[in-house]
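The values are calculated or read from the model by the stated rules, or taken from the named source; none is laboratory data. Everything numeric here is computed off the predicted structure, so don't read it as measured data. Neighbour counts are summed over all protein chains in view; Cβ atoms, including those assigned to glycine, are modelled from backbone coordinates with ideal geometry. Remember, those area values only see protein heavy atoms, side chains included, never the ligands or the DNA or RNA. Shrake-Rupley method; radii C 1.70, N 1.55, O 1.52, S 1.80 Å.
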Amino acid sequence: MTLSFNGWTVLYLAFGLVALWLLAEVFLQSKARLVWRVLAFAGFLTVLGGVVSEAVAAIAVGAMGFAIGQAAVTIGYRRGYSEGWTITRRKPKTASRPVSLSALWLTDVAARILPAGDRCRYAEEWRGELWDLATAPRRHQIAHALRNVICAWPTRQAVLEGQRRTAGGG
């Protein structure tokens, strides 16, 4: 038994592969809006229907729909769009707690070392620095918080010295 492939068979196999690829793009890709992914898929199916029925108008309309849809998908991807609907519904990494709880705790410890009147200001500043490091690995966040703990003692001394100078009038 031998398999014979003529030109139409190869064309339909290629159509099938492209259709599967586009269908996967519709359901799995989050880098473009769903409407553009569906438009590209529908345009491709219209082209396929036009080829099967030999309708030139259907091929032209489908090609335009496919071209518009794929162009919009490509533009969305290049602009970094990532809010598209998918079956998998992956949560963005920043949806979880982006700042290490250990780093937050260490920051609170560092603030407790300071005089009571200055704790809130420094704690807020140091927490802000941690949130700036939210995309950094947790070990970097913890290292930063440890540096704050180490520097809290000299900071305490400087704050107390400044208070003494202000109170002494000099």
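Counting only protein heavy atoms and a 1.4 Å probe, tell me what percentage of the chain's accessible area is made up of carbon and sulfur.
64
Full extension from LEU13 to THR74: what is 0.36 nm times the residue separation minus their Cα-Cα distance, to one decimal in nm?
Length difference between fully extended and current span is 19.5 nm.
Let's see if you can work this out: charge +1 on each Lys and Arg Cβ, -1 on each Asp and Glu Cβ, no other charges. What is the dipole magnitude of the chain about its Cα centre, in debye to the nearest 20?
680
What accessible area per residue, rounded to a whole number of Å², is obtained for the chain using a probe radius of 1.4 Å?
Value returned for the chain: 69 Å² of accessible area per residue.
Give the label of the value calculated from the structure for percent of Cα pairs over 28 Å apart, choosing from (1) 24; (2) 56; (3) 18.
Read-out taken from this structure: (2).
Counting helices only, and only those DSSP H runs with n ≥ 4, report the 222 nm mean residue ellipticity of the chain as the sum of -39,500 (n - 2.57) divided by its residues, in deg cm²/dmol to the nearest 500.
-25500 deg cm²/dmol
Peptides 29-42, 120-133: what's the order by average Cβ count within 10 Å, highest mean first?
In descending order of packing, they fall as 29-42, 120-133.
What whole-number distance in Å separates the alpha-carbon centres of the range 112-159 and the range 16-84?
51
Using Cα-Cα distances under 8 Å and only pairs 6 or more residues apart, what relative contact order does the range 27-170 have, in percent?
Relative contact order here is 23 percent.
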